[in-house]
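Working notes, beginning with the structure itself.
The values are calculated or read from the model by the stated rules, or taken from the named source; none is laboratory data. Every value quoted in this text rests on a predicted model; they were computed, and no experiment measured them. Here the Cβ positions follow ideal geometry from the backbone for every residue, glycine too, while neighbour counts run over all protein chains shown.
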Amino acid sequence: MAIVRTTVPPGEEDVDRMVREAVRLSGGLKDLVACGATVIIKPNLVAPAAPERGATTDPRVCKSLADQVRELGAHPLIADGSAIGEDTEESFRVCGYDALRSQGYELIDLKKAGTVKVPVPGGTALNELHLPEVVVLADAIINVPKMKTHDQVLATLAIKNMKGILPDTLKKKFHTTFGVFRAVAELNTVVKPVLSVMDAIIAHEGLGPVFGTPVEMGLIVAGRDPVALDTIAGLVMGIEPTRIETTGHAAELGLGTMDISMIDVVGVPVEQVRRRFKLASEALEEALFLPPGFELLFNEMACTGCRNGVLSTLRDLEIEGRMDILRDMRIVAGKMDAPPPASDKRTLFVGVCTAGFRKLGEYVQGCPPNNVDILSAITGTSDHEFFARTQE
Ligand code: SF4
């Protein structure tokens, strides 16, 4: 496991130097990438968010990796699919990847890729998956996750990043049907990156995976064992690694080790770069000044589409100074077998996953629902002007 540090903000040459050093300290690429091979480079492009926000992989990291792949005579493909409800092409544009395309690097929107059926041997959450053929047929995958907090799994790191390859229908089912933590780990048993290179140049804390705060860490953390990488990243962030459920399941499945005594860290020691990251739950309470009696009931089944929609709507309400409207209110999202406990509070059910309980309160349809509809339901008006004001 390698940790490489630079000053922030680094220039393109600095980033390239860091990534090459991290790859070298992780054992290099020569035995992983054969001449003529097709290599998927998988960033985290969850949503259209500029690199300086820290929520998406810096395109310069992918560029450096693509160059190293090319130098071995292999063919790099930079590929990802944004979250449900997000347009990957828009993410390519806003996250700075269009510039790579114009320089001759190949980008693939995995939402539009043809899929093939892949069995999941020994799976308990999954039996089979329909995965993008281009990923399944690739000779190697290099995973390029972000270091950032996540409102559902505490931190979204290497193991969780592979969920981005799924078509939207499967992304939904991971939350609504399969149980996302275990399913993500099982996905990693059938698509195994040969190397993971984590972008922590500008990391992300608080309301991750999209609406948090950038953190200038100046780090690249890399390794061949994605579980060990997540473990070390968790320690850097001040998060007990065993609390990161996706990674915990991956360790159980034999995808790597969380045993710190077995992980050899080279480069900069963890102690020198450790910084406690603010968790999403802490940020939600602090940053949004939630009024008394407000409850946000997201369960494991609530996927990024509803989470992002609700959180960004709350942020918009705060910007407009209208958080008091949430007093004694509950917002519920995610498929559930039974309704939430009875309450006198005004209850808003968000997304088609909650449609079965719509008569128990108010309801916003959609999968994912539109932010403007969530906002209209909360405020009780079709306040489109307000919505327009709050958009980036
Ligand atoms: S309704 Fe919401 S939680 Fe359910 S699948 Fe759609 S986006 Fe995900």
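Some observations on this one:
- Test result for Ser281, among the small types (Gly, Ala, Ser), more than 16 Å from the ligand (Cβ to nearest atom) and in a helix (DSSP H, G or I): yes
- Thr156 in contact with a His (Cβ under 8 Å, 6 or more places away or on another chain), β-branched (Val, Ile, Thr) and under 30 Å from Leu311 (Cα atoms): yes
- Breaking point among (1) touching an Asp or Glu at 6+ places or on another chain (Cβ under 8 Å); (2) more than 16 Å from the ligand (Cβ to nearest atom); (3) not β-branched (Val, Ile, Thr), for Ala342: (1)
- Residue tally, condition among the polar types (S, T, N, Q) and within 16 Å of the ligand (Cβ to nearest atom), over region 157-195: 3
- Count of region 273-299 residues which are under 30 Å from Ala222 (Cβ atoms) and in contact (Cβ under 8 Å) with a residue 40 or more places away in the chain: 9
- Options Gly305, Gly356, Gly361; residue that is within 16 Å of the ligand (Cβ to nearest atom) and either among the aliphatic types (A, V, I, L, M) or within 24 Å of Gly208 (Cβ to Cβ) (or both): Gly305
- Residue within region 132-149 that is among the hydrophobic types (A, V, I, L, M, F, W, C) and in contact with a Cys (Cβ under 7 Å, 6 or more places away or on another chain) present: yes
- Selection status of Asp58, assigned by TED's automatic domain parsing to the domain that holds Met18, in contact (Cβ under 8 Å) with a residue 40 or more places away in the chain, over 19 Å from Gly218 (Cα atoms) and acidic (Asp, Glu): no
- Out of Arg5, Arg60, one residue alone is within 22 Å of Met162 (Cα to Cα) and surrounded by 17 or more Cβ atoms within 10 Å (Cβ to Cβ). It is Arg60.
- When every residue of region 315-322 is checked against the conditions, at least one turns out to be free of Cβ contacts under 8 Å to residues at least 12 places away in the same chain, surrounded by fewer than 23 Cβ atoms within 10 Å (Cβ to Cβ) and on the phi > 0 side of the Ramachandran plot.
- When region 18-36 is filtered for residues that are assigned to a loop (DSSP other than H, G, I, E, B) and in contact with a helix residue (DSSP H, G or I) (Cβ under 8 Å, 6 or more places away or on another chain), the ones remaining, listed by number, are Leu29, Val33.
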